[in-house]
1. Given the conditions (1) more than 8 Å from chain B (Cβ to nearest Cβ); (2) within 30 Å of residue B:34 (Cβ to Cβ); (3) surrounded by fewer than 23 Cβ atoms within 10 Å (Cβ to Cβ), report the number of the one that residue A:185 does not fulfil.
2. Please work out which one of (1) surrounded by fewer than 19 Cβ atoms within 10 Å (Cβ to Cβ); (2) touching a residue at least 60 places away in the same chain (Cβ under 8 Å); (3) facing chain A (nearest Cβ under 10 Å) is the condition residue B:172 fails and give its number.
3. Do we have residue B:213 as buried (at least 16 other Cβ atoms within 10 Å of the Cβ), on the phi > 0 side of the Ramachandran plot and away from every other protein chain (no Cβ under 14 Å) here?
4. Step by step: first the residues of region A:150-178, then only those that are crowded, with 20+ Cβ neighbours inside 10 Å and free of Cβ contacts under 8 Å to residues at least 40 places away in the same chain, then the one that is nearest to the other protein chains (Cβ to nearest Cβ). Which residue is that?
5. What is the number of the single condition among (1) within 30 Å of residue A:335 (Cα to Cα); (2) modelled with pLDDT of 90 or more; (3) buried (at least 20 other Cβ atoms within 10 Å of the Cβ) that residue A:106 does not meet?
6. Name the residue that is farthest from residue B:201 (Cα to Cα), counting only residues in region B:143-161 that are facing chain A (nearest Cβ under 8 Å) and surrounded by fewer than 19 Cβ atoms within 10 Å (Cβ to Cβ).
7. From the list A:414, A:453, A:461, exactly one residue is modelled with pLDDT of 85 or more and crowded, with 17+ Cβ neighbours inside 10 Å. Which is it?
8. In region B:83-118, what residues are crowded, with 18+ Cβ neighbours inside 10 Å and modelled with pLDDT under 90?
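The values are calculated or read from the model by the stated rules, or taken from the named source; none is laboratory data. Fair warning: this is a prediction, and the values are worked out from it, not measured in the lab. Cβ placement follows ideal geometry from the backbone for every residue including glycine, while neighbour counts extend to all protein chains displayed.
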């Protein structure tokens with residue numbers, strides 16, 4: 001069996017190697033992320049069947065868990081590692097043709113580091129180590145947002161940097177308070193002692209950790225940076241930020257709430273926060289004229305929906321939330337990639353400049369449409385089973401509160417449908433007469449291949465949701481059975 | 001009004017932190033892992049500097065992450081500042097005075113020596129790779145202040161940086177193949193309090209020293225360039 005630590009070490013080592021290629025050939029460096037993430041994808045796929053039987057624990061440096069740092073490759077960790085590797089791999093193909101400006105070497109290093117950080121966060125079993133990888137993820141995303149070096153890019157990166165740095169400091173204070181009480185940084189060790197101290201002294205660290213990670217997860221009211229950052233970053237990075245970075249922030253929150261603290265009482269609060277985030281995200285998205293800002297606000301909305309589903313706290317709720325998370329990652333990455341190429345061709349981010357795209361760029365427009373339908377939740381795409389599972393789980397609670405919240409979610413979905421259909425309508429049915437005689441422009445293969453792999457995954461998983469439900473169910477039960485998690489690490 | 005609201009929020013947060021701090025017994029012997037490190041550290045890692053044994057051995061993976069954070073920040077800075085490289089020519093820089101010049105020339109080799117001493121002895125005396133590297137970078141800062149027109153070679157600094165980080169990772173991978181654990185201390189631990197002890201710890205610290213030194217020097221280079 002492969003050691004899961006390779007999932008972190010391979011991309012990290014290759015990121016350090018990239019600068020050396022300037023002495024050999026400048027043309028090789030763009031293939032490094034491709035190979036690193038291909039390796040990660042293969043390793044996580046080979047680990048996948050083992051993990052379903054029993055979570056894999058790896059200690060580092062030869063010291064057993066409470067003393068040293070350990071990795072926990074449970075179903076949830078491997079699910080995320082697989083998603084990160086898959087999306088990262090496909091987006092690295094997209095970057096072959098898309099990233100041509102400036103110092104490409106730095107783009108590829110930072111890109112690899114971002115994904116290394118994300119993989120580290122989801123695999124580690126140590127709360128401080130989680131913070132370290134979280135910082136790698138955040139710092140590389142700040143600089144990637146500013147990659148083009150234009151004014152909006154720098155401005156939004158600084159905004160993101162300030163909010164992110166405050167969030168990270170809160171996380172660090174929270175970890176410090178936890179260490180002061182328990183004298184250990186191992187998550188399982190803290191989790192096993194969490195109920196032995198006064199509740200106020202664990203409540204404050206919990207609040208600090210949720211707030212700190214909440215900035216990256218873009219939960220209302222901590223999401224002011226997101227629309228700017230996601231819209232002014234290069235589109236390949238927007239896809240990663242929307243598809244990976246905020247999900248990893250959410251993973252950190254979920255891990256802290258469910259495993260570390262076992263705090264089921266805070267879930268009701270998160271339930272409301274989720275629905276508010278959903279409504280605000282969708283309402284703001286409705287008013288946008290800029291396509292990337294619209295997609296960014298839609299990400300906020302989707303994160304709200306996922307937070308709601310995870311906070312239901314039942315097995316089927318978490319299951320639905322994770323399904324929705326996978327579906328959002330795939331669909332939103334597809335949307336940003338497709339929109340990115342259309343923006344590249346039309347030269348403008350305005351939705352109105354997409355008029356007639358359906359004729360000019362038929363394949364890319366088709367892919368964008370699939371992504372939009374999937375986000376809205378139309379069958380037979382992946383978004384439908386996700387939303388369906390969440391609504392079923394919420395209604396199963398048989399509580400008047402849940403019925404009201406479900407009503408609000410359906411309302412938000414209608415808004416979501418309205419603005420996505422408006423874009424699709426602009427692409428296909430507007431402006432045909434004003435721009436006649438435009439010849440077709442087919443996007444290069446390095447754009448079409450990743451985009452259509454995403455389309456394929458969205459359709460196939462949409463038709464056979466069973467393909468991923470097994471790992472989702474074991475991930476959900478990993479989150480709910482914290483006793484098992486503790487027992488596996490500290491026997 | 002906005003100020004008032006933020007003030008109230010701050011008071012609430014501060015109050016909460018004070019409430020929880022009152023309950024938390026910082027620093028007493030309840031810190032069980034810390035106790036273990038103090039009692040067993042020298043025996044298990046061979047490093048007489050307990051902080052080093054924790055930083056490089058027990059929590060070596062965190063240190064790998066931290067040098068990666070520094071690397072990320074340096075690369076990010078050069079990616080962002082690289083945009084503004086076209087600067088107005090003829091901006092006047094005041095030449096350093098004779099005292100500054102001589103002082104910098106005098107201190108430069110001494111600082112390099114002190115930095116190297118600190119990271120080579122990281123497992124024996126206070127200090128280590130990060131501290132030694134920072135001192136070395138400060139020597140280069142003096143060079144920029146005192147010696148007009150001199151610059152570090154960007155390619156050399158990148159190569160040193162990369163080789164430093166790769167040494168860390170390669171040692172980790174060797175540990176993985178020999179001892180089945182990443183970063184396993186596979187070299188003989190030797191006798192405590194001697195220079196050649198603690199297995200891979202001094203090797204890692206020397207690599208970190210070189211890496212941090214050249215990285216911070218590179219950051220200084222990028223920041224200084226702006227006014228030239």
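1. (1)
2. All conditions are met except number (1).
3. No.
4. Of everything passing the filter in region A:150-178, A:177 is nearest to the other protein chains (Cβ to nearest Cβ).
5. (2)
6. B:155
7. Of A:414, A:453, A:461, the one residue that is modelled with pLDDT of 85 or more and crowded, with 17+ Cβ neighbours inside 10 Å is A:461.
8. B:104 - this is the single residue of region B:83-118 that is crowded, with 18+ Cβ neighbours inside 10 Å and modelled with pLDDT under 90.
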